[in-house]
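Input: a single structure, listed below in structure tokens.
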Amino acid sequence: MKRIFCFRFITALSILMMGAVLKSYAIQATVATQEGVNLVYVLNEESNDCRVVYIINEQYSGQITNPSYIEYEGQQWNVTSIQSDAFQNSSLSSIIIPEGVTTIGERAFKGCKYLNSVSIPSSLTSVEEEAFYGCEQIEAVHITDLAAWCNIDYKLGREYFVKTID
């Protein structure tokens, strides 16, 4: 009897803990950029930050200025990463990644064949595999801090990233 009670108690406790972890990233918000492009963010209530999950207007062909924070339901959320596949195959031509973003996920801009300009913040610390794969039109990468650029962890090496955008 005690074993059954302990097993049920531990199972219930595990389910509650998993629910709490999943809940911290359970809120999605759709917010327009200053250009009017809708981006979907996943909000983390515990750390009060968010990450870009995907672009709704994939056919938008202009510049996107990703904000450093979004406002949702009266609260401010700091944008800290661009998730894997977020802008994949979209038609955007230019992206300004704001200060505060530390990670660009795998394949985040893969296949963005019209992307020709990228602004990288000094806060960026990691560029995951194939983040800019197939972005053959990139003519300019704007960086604000050369020392910070040199410290970015490129999962396939800096040479691969530079080769991809040359």
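Taken together, the values in this text are just the output of simple stated rules run on the coordinates, not laboratory data. Since the model is a prediction, treat every value here as computed from it, not as a measurement. Cβ: placed from backbone, ideal geometry, glycine included. Neighbour counts: every protein chain shown.
Cα centroid distance between the range 39-82 and the range 108-124, in Å?
The distance from the Cα centre of the range 39-82 to that of the range 108-124 comes to 16 Å.
Please work out the Cα convex hull volume for the range 78-162 and give it in Å³ per residue.
For the range 78-162, the hull spanned by Cα atoms encloses 76 Å³ per residue.
Extension gain Gln34-Gln76, at 0.36 nm per residue separation less the Cα-Cα distance, in nm?
Going from the current span to full extension adds 13.5 nm.
Applying a 10 Å radius around every beta-carbon, put 80-86, 109-115 in order of their mean neighbour count, most first.
Top to bottom by mean Cβ count within 10 Å: 80-86, 109-115.
Considering only the range 40-166, what is the antiparallel percent among its DSSP beta bridges, to the nearest 5?
So the antiparallel bridges in the range 40-166 amount to around 30 percent.
Taking R0 as 22 Å, what FRET efficiency do you get between Glu139 and Glu106 from their Cβ-Cβ distance, rounded to the nearest 0.05?
Approximately 0.40, to the nearest 0.05.
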